[in-house]
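Accompanying notes for the structure given below.
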Amino acid sequence: MYDEEDNLPELHRRLTESLAGLDGRAEILYVDDGSSDGSAAMIEPWTADRDTDVILIRLSRNYGLEIAMTAGIDHAAGDYVALVHADLQDPPELLPEMLARAREGADVVYARRIGRDESAFKRVLATGFYRLMERIARVPYQGQAGDFRVMSRRVIDALKTMPERRRFLRGMVAWVGFEQVPVEYRRAGRQAGRGASYPQLLRLALEAMTAFSDVPLQLATLFGMLTATLSGLASVVVLILAAFGAINPSVWVWVLCAVLFLGGVQLVTVGILGRYMARVHEEVLGRPLYLVDDVLRRG
C-alpha cells in the first residue's frame, strides 16, 4: 500500500470477511511502502486485535510496488501466499476460490482480467502491452493477469532465490513454472486515492521487456543493418543519377542528411544498450532490495 488511507477500512473489512470462513489460520500482512498519509497509523490498532492476525511492515521509504510486494513475500509465513493491492481494484472475495484451486494441486492461481472499469485509453495501453509481451517474452504468457494471485510455498521459496533488483514479479512467477491456472474476473475501478501515473506504468513496461526479452537488442541490430543497407543503396542511386546528369546535388546536403540519420540510429542503439547496462550496474552494486523501518504484530 502507498497512501491508501481512504481505502483501508473497506479493504480490511472485506479481507477479514473473506478469510473468516477458511479452513486454517490466516494472517494479513500490510506492507507500507513509505506512505505519507495516515495509512500506517490506521493499521497499528489492528495489529493488537485478538480476532485476526494482522502484521504491519513499514519500509524505510518508498521503494515502489515490486519491491513492496517482495517485502511481503519475504515476511509471509503461510503455506500459501496471496498478493493483493490495497486499491480495492482486485476483489478479496475471490481469495477463497483461489485458495481452493491451489489446494487442489495448482502452485499458482492467478486472476486474469476479462474486463476492467477504467478509461478507454488505459485499457488500450494495457491490451497493447500484454499482446506485445505475448510475442517477445521468454516466459509463458498469462493473458491480462496482474499481481493478484495465490502461490504455494515452493513457488515462494523459488522467488526468494531470485535476488534481482529491477523486478517484474508477475514475470518472475511465470518463469518459475509448475502448475499455474487462471481465475477470471472483472477488475473494478479505483474507489479512492491515486493510482500509478502513466510515466510509472511506462517504466514498469520497459522493465518487463528488458527483464524477460532480448528482442530490443535484436531490433537495434536489425535497425542498424537496415539503415546501413538503405544508406548504401541511396548512395549508389545518387551516384548513378549524378553520372547521367539527372541531378546535381550539393555534397554538403547529403553529408548532413547521412550524419543526422546515422547519428539518430546510433543514439537509439546506445539507448537500448544503456537500459541493459543499467540493470547490470544495479546488480553489481549489491545493495539490499529494501530496508525495514519496523514490524508491528500482536504481542
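The values are calculated or read from the model by the stated rules, or taken from the named source; none is laboratory data. Quantities reported herein were computed from a predicted structural model and do not represent experimental measurements. Positions of Cβ are generated from backbone atoms using ideal geometry, with glycine treated the same way; all protein chains shown enter the neighbour counts. For the accessible areas, the whole protein counts, side chains as well, though only heavy atoms, and no ligand, DNA or RNA atoms are used. Shrake-Rupley method; radii C 1.70, N 1.55, O 1.52, S 1.80 Å.
Miscellaneous remarks
- Scanning region 1-17 for residues that are part of a helix (DSSP H, G or I) and either in contact with a Pro (Cβ under 9 Å, 6 or more places away or on another chain) or open to solvent by 20 Å² or more (accessible area, probe 1.4 Å) (or both) returns PRO9, GLU10, LEU11, HIS12, ARG13, ARG14, LEU15, THR16, GLU17.
- Of all residue pairs spaced 6 or more apart or on separate chains, those with beta-carbon atoms under 6 Å, a first member in region 273-287 that is under 11 Å from ARG165 (Cα atoms) and at pLDDT below 70 and a second member that is of a type outside the set (Val, Ile, Thr) and open to solvent by 40 Å² or more (accessible area, probe 1.4 Å) are ARG279/ARG166; GLU282/ARG165.
- Residues of region 18-74 classified as closer than 21 Å to GLU5 by Cβ, open to solvent by 40 Å² or more (accessible area, probe 1.4 Å), in contact (Cβ under 8 Å) with a residue 24 or more places away in the chain and not aromatic (Phe, Trp, Tyr), total: 12
- Test: residue in region 30-48 that is farther than 21 Å from SER60 by Cβ, touching a strand residue (DSSP E or B) at 6+ places or on another chain (Cβ under 7 Å) and among the aliphatic types (A, V, I, L, M): no
- Boolean, ARG113 is closer than 25 Å to TYR2 by Cα and open to solvent by 20 Å² or more (accessible area, probe 1.4 Å): yes
- Residue within region 35-48 that is over 20 Å from the mean Cα position of the chain (by Cα), among the charged types (D, E, K, R) and over 18 Å from LEU289 (Cα atoms) present: yes
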